[in-house]
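Notes follow the structure.
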Amino acid sequence: MCKHLKKIAVLISGSGTNLQSLIDAVERGEIKGEISLIISNNKDAYGLTRGENHNIKSVYISHKSVAKDEYELSLLQLLKEERIDLIVLAGYLKILGENIINKYENKIINIHPSLIPTFCGKGYYGLKVHEEVIKYGAKVSGATTHFVNKDPDGGPIILQRTVEVKENDRPQDLQERVLEVEHRILVESVKAFCEDKIQVFGRQVKGLE
C-alpha cells in the first residue's frame with residue numbers, strides 16, 4: 001500500500017466521462033488517491049463542471065493565446081503548486097511538451113480507444129478511431145491505457161481490454177461499448193499506480209496481476 005494518498009491531476013478537453021469514472025472510484029474508496037486538480041484547454045468542457053460539482057480545483061488554461069512554451073510553463077507551475085504525483089490524460093486533445101513528459105516520466109497515464117499499436121498516433125482520436133476500425137474490417141477493438149512518452153500513443157502499455165466489432169456496428173455503437181471498457185481499465189490503472197504496484201522495465205509494465 002502507498003504511504004500517502006497520491007495527488008492526481010486530470011487533464012481533459014471535453015465532457016469528462018472518464019474523469020467521472022475516476023471521481024466515482026475515488027469517492028468509493030477504490031482508488032487510494034485524491035484528485036487535486038482538473039485542467040482543461042477548452043473553457044466549455046463539461047468536465048470542468050464535473051470537477052466543480054465535486055469541489056475539485058478546476059482550471060481552464062488557453063493554449064491559443066499564448067506561446068507553446070508559456071502554456072507548458074503554466075501547466076508545470078500548477079502541477080508543482082498542487083504537488084501532483086500522477087497526471088491522467090482523460091480525453092485531453094493536446095500533445096504534452098517534452099518538459100512535462102520528462103519531469104513526469106512514467107507518471108502520466110493516457111487512455112486511448114483502440115488496441116495500441118493499431119489505430120493510434122497522430123490524428124487518431126474520438127469518433128475517427130472507431131470509423132477507421134470499422135472501415136478496416138477489424139473483428140475486435142478495445143481500449144488501452146499507457147504511460148505517455150514523446151511519441152503520440154507510443155509509451156509503455158499498462159492495460160488493454162477487447163471489444164467485439166459487430167457486423168452492423170456504426171462508429172457510435174462501437175464507441176459506446178469501448179467507452180465502457182475505457183472507464184474500467186482507467187480506474188484499474190490509476191488504482192494500481194496509487195498502490196505502488198506498477199513497475200516499468202523498458203516497454204514492459206508489470207505488477208498488475
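Read-outs throughout are calculated quantities, based only on the coordinates presented, and are distinct from any laboratory measurement. All figures in this text were calculated on a predicted structure; none of them were measured in a lab. Don't worry about glycine lacking a Cβ; one is built from the backbone with ideal geometry, like all the others, and counts go over all protein chains shown.
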Between LYS57 and GLU105, what length comes free when the chain is fully extended (0.36 nm per residue of separation minus the Cα-Cα distance, one decimal in nm)? 14.9 nm
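Taking N as the number of residues in the range 6-202, what value does Rg over Cα atoms divided by 2.2 N^0.38 Å take?
That works out to 0.99 for the range 6-202.
Roughly how many debye, to the nearest 20, is the charge dipole of the chain about its Cα centre, given +1 on each Lys and Arg Cβ, -1 on each Asp and Glu Cβ, and no other charges?
Numbers: 29 positive and 29 negative charges, 62 e Å.
With only Lys, Arg, Asp and Glu charged at Cβ, the dipole is about 300 debye.
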Trypsin sites (Lys or Arg not before Pro) within the range 119-166, DSSP loop, no more than 13 other Cβ atoms inside 10 Å: LYS122, LYS139, LYS150, LYS166
Given the DSSP H assignment, sum -39500 (n - 2.57) over each helix run of at least 4 residues in the chain and divide by its residue total; what's the result at 222 nm in deg cm²/dmol, nearest 500? -11000 deg cm²/dmol
The FRET efficiency for SER74 and LEU208, from their Cβ-Cβ distance with R0 = 41 Å and rounded to 0.05, is 0.80
List the residues of the range 104-132 whose backbone N lies under 18 Å from a point placed 7 Å from the Cα of GLU167 along the Cα-to-Cβ direction. none
Identify the GluC sites (Glu not before Pro) of the range 87-179 meeting these criteria: DSSP loop state and at most 13 other C-beta atoms within 10 Å of the C-beta. GLU105, GLU167
